[in-house]
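Read-outs throughout are calculated quantities, based only on the coordinates presented, and are distinct from any laboratory measurement. Computed from a prediction, not measured in an experiment: that's the story for all the values here.
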Amino acid sequence: MKTNNKLKELFENQEDWDFEIPNEGHEKRFIYKLRKQKSKKKRNKWLPLSIAASLLLGFGFFYMNYAPKEIQEVTFSPQVQETHDYFSSIIRSELDQLKKKQSKQNEEIINDALIQMEVLEKDYQKLKEEIGKNGENKQILYAMITNMQTRISFIKSVLEQVDDINKINNIEDEKHI
């Protein structure tokens, strides 16, 4: 009861209390201003952080896609190097033969073959990078040899197709003469 009496005394002795009724819409304006202040504080708090995060992501994207990549040379064991050199020389030789046989009649098939060879070469480079990271292991070496054998077989089949096209064109040329 003592607390109730003290409260009554406090309120009864106050003479400067404001008993005027506020203008219409006062509560709505007050709540609007209150929310506006809260939203400003939240926005200002996170804005610099969100800008920094966006810039960081942008630079990361740029670096991952456009920054010059360090090319690390992979060192093979002597046996693997010998196999690599052997298959590489065969591939170069077959590609040279293919390019020498290029003509208007077979230009499209040869260009398509060269594009496919670039795809196989990129796959081979990925395998080399894998060896650079993890060292030589049988699975990766087998995949590399298979890749090179596939390229050689592919070039030989394209050469056969080019030869067939050339034979057909020669026969047609003889008929017209």
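Structure data summary
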read-out: Listed residue pairs exceeding 32 Å between alpha carbons, taken from Lys6/Lys28; Lys126/Lys156; Lys138/Lys167; Lys99/Lys138; value: Lys6/Lys28; Lys138/Lys167; Lys99/Lys138
read-out: When the stretch 72-160 is reduced to its Cα atoms, the Kirkwood hydrodynamic radius in Å; value: 13.9 Å
read-out: Percent RCO, i.e. relative contact order, over the stretch 78-170, from Cα pairs under 8 Å lying at least 6 residues apart; value: 46 percent
